[in-house]
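Below is one structure, written out as structure tokens; the observations come after it.
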Amino acid sequence: MPELVKKNEQGDVLLAMVSEDKLRRVMEKMLGSGDFLSEYGLRSLSKHHLENPFVHESNVVQYEPAESRSGLFGGNSNWRGPIWFPVNYLMIDALLVYHKYYGKEFLVPLPTGSTNMVGMKGIALELSKRILKIFLRDEQNGNRRPVFGGDRLFQEDPHWKDYILFYEYFHGCNGAGIGASHQTGWTALIARIIHEIHTVLTD
């Protein structure tokens, strides 16, 4: 059951499933580069399970950043590693709610284990930038866009390289687009994320 966790200066009350202590423990896992935090957003399953799969009887759940290693679910790894926009956007939104109550005083390491201490709003901004990076040219990687992965046509051809496709989900380690394309449903949240980077998250 939700409980009274925090009351801000305006008298607004935060009802949440986690206390401040539990929130710190959630952040520790979420922001670990060996767990959920990727260069391109949050993975849908911790990378920890690449070397440490979860096994129950004959069932195995292992981190799979892109397509499945088996034909199960049609070869789609679904929520076992790739980056999905709905989950990332909901997390960004939740972080902004926590910021409203905890303010600038609530700081956690980003990434986990570092000395870089960041508040909830700063984490939301960092996640937003990492998601946006999926579509931007990477000067350190031959000016290539992560979204196009190793596809030379989309990376190099002058008729295609600047026409960005929206994919269903994205590779959990390198940001390449995977699944259905052109997926203009939830992946169109990138427009909202760009807007918030320049307004809500940087004011």
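Hey, among the residues in the stretch 158-203 that are among the hydroxyl-bearing types (Ser, Thr, Tyr) and part of a loop (DSSP other than H, G, I, E, B), which one's nearest to Arg130 (Cα to Cα)? If you could, list the steps in order and put the result at the bottom.
To start, the set of residues in the stretch 158-203 that are among the hydroxyl-bearing types (Ser, Thr, Tyr) comprises 163, 167, 169, 181, 184, 187, 199, 202.
When the remaining residues are screened for being part of a loop (DSSP other than H, G, I, E, B), the result is 163, 184, 199.
On the way: Tyr163: 20, Thr184: 19, Thr199: 17 Å.
Step by step, filter the stretch 158-203, then rank; the result is Thr199.
Among the residues of the stretch 193-203, are any surrounded by 17 or more Cβ atoms within 10 Å (Cβ to Cβ), under 17 Å from the mean Cα position of the chain (by Cα) and modelled with pLDDT under 90?
yes
Within the stretch 154-192, count every residue that is surrounded by 18 or more Cβ atoms within 10 Å (Cβ to Cβ) and among the aromatic types (Phe, Trp, Tyr).
Total satisfying the criteria: 5.
So Gln155 ticks every box in (1) farther than 17 Å from Ser44 by Cα; (2) touching a residue at least 24 places away in the same chain (Cβ under 8 Å); (3) in a helix (DSSP H, G or I) but one. Which box is left unticked?
Unmet condition: (2).
Out of all the residues in the stretch 64-89, which are touching a Gly at 6+ places or on another chain (Cβ under 6 Å) and modelled with pLDDT under 90? Walk me through how you get there before you give the answer.
Just the residues of the stretch 64-89 that are touching a Gly at 6+ places or on another chain (Cβ under 6 Å), to begin with: 64-65, 67-68, 81-83, 88.
Hits for the stretch 64-89 are Glu64, Pro65, Glu67, Ser68, Gly81.
What's the total number of residues in the stretch 31-65 that are in a loop (DSSP other than H, G, I, E, B) and either out of contact with any Phe, Trp or Tyr (no Cβ under 8 Å at 6 or more places or on another chain) or not aromatic (Phe, Trp, Tyr) (or both)? Even if it seems obvious, please write down each step before you answer.
Pass one, the stretch 31-65, residues in a loop (DSSP other than H, G, I, E, B): 31-36, 39-40, 44-47, 52-53, 57-58, 62-65.
Filter once more, keeping what is either out of contact with any Phe, Trp or Tyr (no Cβ under 8 Å at 6 or more places or on another chain) or not aromatic (Phe, Trp, Tyr) (or both): 31-36, 39, 44-47, 52-53, 57-58, 62-65.
Of the residues in the stretch 31-65, 19 are in a loop (DSSP other than H, G, I, E, B) and either out of contact with any Phe, Trp or Tyr (no Cβ under 8 Å at 6 or more places or on another chain) or not aromatic (Phe, Trp, Tyr) (or both).
Can you find even one residue in the stretch 66-84 that is among the polar types (S, T, N, Q) and part of a strand (DSSP E or B)? Working first, answer last.
The first filter runs over the stretch 66-84 and keeps only residues among the polar types (S, T, N, Q), leaving 68, 70, 76-78.
From the residues that got through so far, the ones that are part of a strand (DSSP E or B) too are 76.
Scanning the stretch 66-84, I find at least one residue that is among the polar types (S, T, N, Q) and part of a strand (DSSP E or B), so the answer is yes.
Anything in the stretch 4-28 that is within 13 Å of Tyr102 (Cβ to Cβ) and assigned to a loop (DSSP other than H, G, I, E, B)? List them, or say none.
Within the stretch 4-28, Asn8, Glu9, Asp12, Val18, Ser19 qualify.
Which residue pairs have Cβ atoms under 9 Å apart, sit 6 or more places apart or on different chains, and have a first residue in the stretch 103-121 that is assigned to a loop (DSSP other than H, G, I, E, B) and a second that is among the basic types (Lys, Arg)?
If the second residue must be among the basic types (Lys, Arg), the pairs left are Phe106/Arg24; Thr112/Lys29; Gly119/Lys104.
If you scan the stretch 109-150, which residues turn out to be surrounded by fewer than 17 Cβ atoms within 10 Å (Cβ to Cβ), of a type in the set (Gly, Ala, Ser) and at pLDDT 95 or above?
Gly113, Ser114, listed by residue number.
The values are calculated or read from the model by the stated rules, or taken from the named source; none is laboratory data. The structure displayed is predicted, hence computed values, not measured ones. Reconstructed Cβ throughout: ideal geometry from the backbone, glycine too, with neighbour counts over all protein chains shown.
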